[in-house]
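Trainee: Structure incoming, see below.
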Amino acid sequence: MIKVENVGKTFTLFNQENTSIPVIKEASFEVLKGDCVALVGKSGSGKSTLMRMIYGNYLTNEGKIWVGETNIVGASSRAIINIRRHILGYVSQFLRVVPRVPTREVVAEPLLAIGKEMDEAFDIAEKLLERLNIPPALWDLSPTTFSGGEQQRVNIARGFIRNYPAILLDEPTASLDSENRSVVLDLIKGAKSKGTAIVGIFHDESARMHVCDRQVDVSNFSPKLES
Amino acid sequence: MSELLLDVTGLSKYYGNRIGCADVNFDLWPGEVMGIVGESGSGKSTLLNCLAGQVEADFGEVFFSTRSEGMKDTFQMSEPERRMLSRTDWAFVHQNARDGLRMNVSAGGNVGERLMAVGSRHYGKIRNKAVDWLERVEIHNSRIDDRPTAFSGGMQQRLQIARNLVTGPRLVFMDEPTGGLDVSVQARLLDLIKSLVREMNLSAIIVTHDLAVVRLLADRLMVMKDGYVVESGLTDQVLDDPQHSYTQLLVSSVLQA
Amino acid sequence: MSDYNFAYLDEQTKRMIRRAILKGLAIPGYQVPFASREMPMPYGWGTGGVQVSAATLTPEDTLKVIDQGADDTTNAISIRKFFEKTAKIATTEKTSSASVIQTRHRIPEEQLTEDQILVYQVPIPEPLRFLEPSEIETRKMHALEEYGLMHVKLYEDISRHGAIATSYAYPVKVEDRYVMDPSPIPKFDNPKMEMAAIQLFGAGREQRIYALPPHTKVVSLDFDDFPFEPSKADYSCDLCGSENSYLDEVIVDDEGGRIFVCSDTDFCSSRQAINSELTYE
């Protein structure tokens, strides 16, 4: 479902004396349907970067990244938008909050974007919010004023509202208490059983052990610094 | 709908030796929002005005998928054709609402004008549609007979949007739609634009200097400097992983609140 | 300088005006620009109508001049005397005897024939002027038949007054093409514009001429649910008893007593003559 082939990335900072910072080199791994792969490695090793490259949020300089039948590297904007809409979901670390939009709508948005009826979409969103212990009183409010944990759960609901064939999860259980953490892990397991391919970054080792089948150590893809 | 809506090739406009915009190429599909960012003098407004036919370009073609005749080069169209296009399939939302409204005509008249311009002759139906649209842009229908001079800036801008969208255009050009508005008003307006774009499957080309606006509204982004497009791609990619030195400068210059 | 050229204007000017008239007749309702001459009356006093009449008159014509229906107002008399002096043509107060009728703000009640020409005095020829001040823009609107704005004006009337409030200079669509200002005639007169006579419109200050050939289609603008009504005061004439003519309201004493009389003086006096004949029998 997701295949990373010899992928490399270098950041070039033009405004800081054209510094070149290679961050990923010759990364390869594969995630099959129903597989859950954890990206591990110490802080700064490039886990989030690699995840963003798979999503097309960061450009990839070398190699290929296959999501389904499409190579993300060099794909047109339109192709990537299509993949994000139908094939690949992404739960980022932080919810990008838009003022004024009620939580129910924030969560339902991926369904509305593919043309689902508003009532139906809101229904599904509400059920998911309930499962994640976000009380109905908050459904009409914008998440701007929610706590970190609440925002994270809204973010997760939004990421899981559709049955994507593949999803990327960046620290899905951070800032959650144990009860909500197990809800999220259940969601992940549920997705797995539906055949979703999952790539996740989990700071919490027990959560990682709970749902992931394999680990990929991203520090193996760190370029050796030339001295 | 998977048919290309707009195909722009080699669009250039010069003012003597000075470059307005040069060699712009892109395509646009139904339901897509394209953002154009740049600082003052980058050529973004020139580009928008050339695309919308408000200013005559020197080179290039802008092919638009017309309803009846397929892809046509809008630069080759006769003036009546172009004016008809701008009243039906196209819309232009000006930065200053006063440029896009008739200030001495009531809100209802403003919204109804485009309907009357394409032959609507039933007062009751026109008025109902105007009421409908005022509600959609969150203007209370009790204001339907008020002149825009009695509206706040944000309301005027929302009225301008209603006036433009009432005939169901497929392509909307927006020039700094939130410029000059209070921050809270901006949020409301952006939210409105976003939901209308989604509900009506609109395509839009939005010019702005505000990166937060493009992040919210645009799927794709073009960054302009000195008349040239220096970088383009997915909005989140261009803003999160800028490749061009100017884009990097632009992104890093944004103050965090 | 004791003799005037026939009808005051030189022959070249008359040719220029006639060309404009012919063009106007060929494109009914279209405003033809012309080079308005200095006339011995100020702008706003009918110079356009006078120039059109001057170019139209021949020595065999009989001229009638009315001002809001009346032959005996100062202006009507002045203009009639002007042509008597400069053209030495016959003049009359009887509508049926006239071959050229110059009018300010009214159409005669009596039906006109194919042998007659009606010349209107026009202050502002552009029907869209009050909504669109730019001349460039209004010319484009006419050229491209973009008349949505005209209906906006009517819409505004209905929203403000519950009905289309325009009572004179009511805009019309000519031959399904041009929107035209019929000059400040009461809307009651609009239906008369579909007539057998030639109608010529002259605006001196604005330098425009337009025209309607005989039997041209003239439709007053309206909405499907607010149709045009050629309304008049709901009274009959106190002098001749007519119920179908346009009336002037006249205050007759200091207590506010009033009577209604036909605005068309010739029409009224003809009817009065018939009435008195009848009473004698």
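Trainee: Working only within the range B:107-149, note down all residues that are closer than 21 Å to B:Ile193 by Cβ and open to solvent by 70 Å² or more (accessible area, probe 1.4 Å).
Mentor: Listed by number, the residues that qualify are B:Lys129, B:Asp132, B:Glu135, B:Arg136, B:Glu138, B:His140.
Trainee: Restricting attention to the range B:221-235, which residues are open to solvent by 30 Å² or more (accessible area, probe 1.4 Å) and within 10 Å of chain A (Cβ to nearest Cβ)?
Mentor: Passing the criteria: only B:Ser232.
Trainee: Out of the range C:244-273, which residues are under 14 Å from C:Glu110 (Cα atoms) and open to solvent by 70 Å² or more (accessible area, probe 1.4 Å)?
Mentor: Selection gives C:Asn244, C:Arg271.
Trainee: A further question follows. Would the range B:173-183 turn up any residue that is in contact (Cβ under 8 Å) with a residue 40 or more places away in the chain and over 14 Å from B:Gly35 (Cα atoms)?
Mentor: There is at least one residue in the range B:173-183 that is in contact (Cβ under 8 Å) with a residue 40 or more places away in the chain and over 14 Å from B:Gly35 (Cα atoms).
Trainee: Being under 18 Å from the mean Cα position of the chain (by Cα) and open to solvent by 40 Å² or more (accessible area, probe 1.4 Å), is that true of even one residue in the range A:126-149?
Mentor: Yes, the range A:126-149 has at least one match.
Trainee: Pick out the one residue from A:Lys64, A:Lys42 that is in a strand (DSSP E or B), of a type in the set (Lys, Arg) and either more than 27 Å from A:Asn133 (Cα to Cα) or at pLDDT 90 or above (or both).
Mentor: It is A:Lys64.
Trainee: Right, something else. Only one of these conditions is not met by A:Ile83: (1) open to solvent by 60 Å² or more (accessible area, probe 1.4 Å); (2) modelled with pLDDT of 90 or more; (3) over 24 Å from A:Val218 (Cα atoms). Which number is it?
Mentor: All conditions are met except number (1).
Trainee: So which of A:Leu169, A:Leu176 ends up being open to solvent by less than 40 Å² (accessible area, probe 1.4 Å) and more than 26 Å from A:Thr70 (Cα to Cα)?
Mentor: A:Leu176
Trainee: Give the residue, chosen from A:Leu111, A:Leu128, A:Leu88, A:Leu132, that is touching a Lys or Arg at 6+ places or on another chain (Cβ under 6 Å) and among the hydrophobic types (A, V, I, L, M, F, W, C).
Mentor: Result of the check over A:Leu111, A:Leu128, A:Leu88, A:Leu132: A:Leu132.
Trainee: Let me ask something else about it. Being touching a helix residue (DSSP H, G or I) at 6+ places or on another chain (Cβ under 7 Å) and either within 9 Å of chain A (Cβ to nearest Cβ) or open to solvent by 20 Å² or more (accessible area, probe 1.4 Å) (or both) narrows it down to one of B:Val251, B:Val166, B:Val213, so name that one.
Mentor: Result of the check over B:Val251, B:Val166, B:Val213: B:Val251.
Trainee: Could you list, ordered by first residue, the pairs with Cβ atoms under 7 Å in which the first is in the range C:137-155 and farther than 16 Å from B:Asn104 by Cβ and the second is open to solvent by less than 10 Å² (accessible area, probe 1.4 Å) and assigned to a loop (DSSP other than H, G, I, E, B), at least 6 apart or interchain?
Mentor: What qualifies is C:Met141/C:Leu128.
Conditions tested, residue by residue: (1) facing chain B (nearest Cβ under 10 Å); (2) surrounded by 15 or more Cβ atoms within 10 Å (Cβ to Cβ).
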site: C:Ile107; (1), (2): no, yes
site: C:Glu126; (1), (2): no, yes
site: C:Leu131; (1), (2): yes, yes
site: C:Ser134; (1), (2): no, no
site: C:Arg160; (1), (2): yes, no
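The values are calculated or read from the model by the stated rules, or taken from the named source; none is laboratory data. As the structure is a prediction and not an experimental result, all values here were calculated from the model. Because the Cβ atoms are built from the backbone with ideal geometry, glycine has one as well, and the counts that use them run over all protein chains shown. Surface accessibility is based on the protein's heavy atoms, side chains included, excluding ligands, DNA and RNA. Shrake-Rupley method; radii C 1.70, N 1.55, O 1.52, S 1.80 Å.
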